Amino acid sequence: MGDSRAIGIFDSGVGGLTVVRAVMERLPWESIIYFGDTARVPYGIKSRETITEYALQITDFLLQKNVKLLIIACNTMAAVAYPAIKLRSPTPVLDVIDAGARLAVAKTVSGRIGVIGTPATINSNAYARSIHRYRTESFVFSQSCPLFVPLVEEGWFNHPITRAVAQEYLQPLLTESIDSLVLGCTHYPLLKPLLREVIGGSIHLIDSAEAMAEIAANILRLENLAVTESSSPDYEFFVTDIPHRFQTIGEYALGRSMTNVKMAKI
Ligand code: DGL
């Protein structure tokens, strides 16, 4: 039987669904409760205090649903509020920044790593700290990309305006001879094909969502929290505004249809 409680995964909007997709593929028998704060997205341009307050409200919501593991599928909340969330939660807490940093260090050869993220994530310096923890001799070049989240929430994954914005943001990083680029925001994997075009074929694109699924699988096993392989999972999605719109873009992000999208008050 194992532990049939759900895994709680959260983000400010649709971005965290890139993590949900990876977790569904890696752990297909685990139930998931997702929370996307669509009424208040984007978080990345807000103050540390506000981001922490919102992150704790979502944490409380998911803990009340009795989740067995919390995954912060939002780099912005992880960068700013991880210690506060960890303090609040009796269940294990995983964050995408640690996952992304580990994967970047595993992939880089030259140690020259670019990181793109929201202003809050980049200003926190959390990626540089985390990458240096795993590899001291590395050079981290960061760039905040505040327009990417609204463009993704708009569904403009392959739009000429998004391409022009990406060229503008990435140019400074490309002059630094990076060999890896961390997608330091869970919305950005939805721009992967476009970003690949802009940066060319030779730079590793580091997607923390994939790394996170592997780390989640390990922790469930180590902590004896995994469900047995024969059980059938439940998926529930909570949002704070316009579930229909979330569903349209969310289905693209997940690569499957979504049922069970509900409005939540926190
Ligand atoms: N998906 C969130 C992240 O990973 C960002 C979003 C936001 O600005 O709300 O940082």
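Structural remarks
- With Cα atoms, 0 to 90° folded angle of helix 17-26 axis to the chain main axis: 70 degrees
- Using θ = phi - 60° and Karplus 6.51 cos²θ - 1.76 cosθ + 1.60, couplings along the range 78-95 (whole Hz; Gly, Pro as x): 5, 5, 9, 10, 3, x, 5, 5, 4, 4, 6, 9, x, 9, x, 10, 10, 10
- Size of electric dipole in the range 97-208: Cβ of Lys, Arg +1 and of Asp, Glu -1, about Cα centre, debye, nearest 20: 300 debye
- Proxy reagent accessibility, fewest Cβ within 10 Å first, across Val96, Val41: Val41, Val96
- For the chain, pairs of C-alpha atoms spaced more than 25 angstrom apart make up 40 percent of the total.
- Rg and Dmax of the range 97-208, based on Cα coordinates, read 12.9, 39 Å.
- Loop-located GluC sites (Glu not before Pro) in the range 129-215 (DSSP state not H, G, I, E or B) with no more than 14 neighbouring Cβ atoms inside 10 Å: Glu137, Glu154, Glu176.
- Multiplying the residue separation of Asn158 and Ser257 by 0.36 nm and removing their Cα-Cα distance gives an extension gain of 33.5 nm.
- Net dipole in debye of the chain [+1 Lys, Arg Cβ; -1 Asp, Glu Cβ; about Cα centre; nearest 20]: 260 debye
- For the chain, the longest principal axis of the Cα atoms and the long axis of helix 160-174 meet at an angle of about 70 degrees.
- The convex hull around the C-alpha trace of the range 130-266, projected and averaged over every direction, spans 11.4 square nanometres.
- Degrees between helix 243-254 axis and first principal axis of the chain (Cα, 0 to 90, nearest 10): 70 degrees
- Cross-link check: pairs Lys46/Lys262; Lys46/Lys86; Lys65/Lys107 evaluated at a Cα-Cα cut-off of 29 Å; pairs beyond the cut-off: Lys65/Lys107.
No value in this document is a laboratory result; all are computed from the given coordinates. Remember, it's a predicted structure, so these values are computed and weren't measured experimentally. Methodologically, a virtual Cβ is constructed for each residue, glycine included, from the backbone with ideal geometry; neighbour enumeration extends over all protein chains shown.
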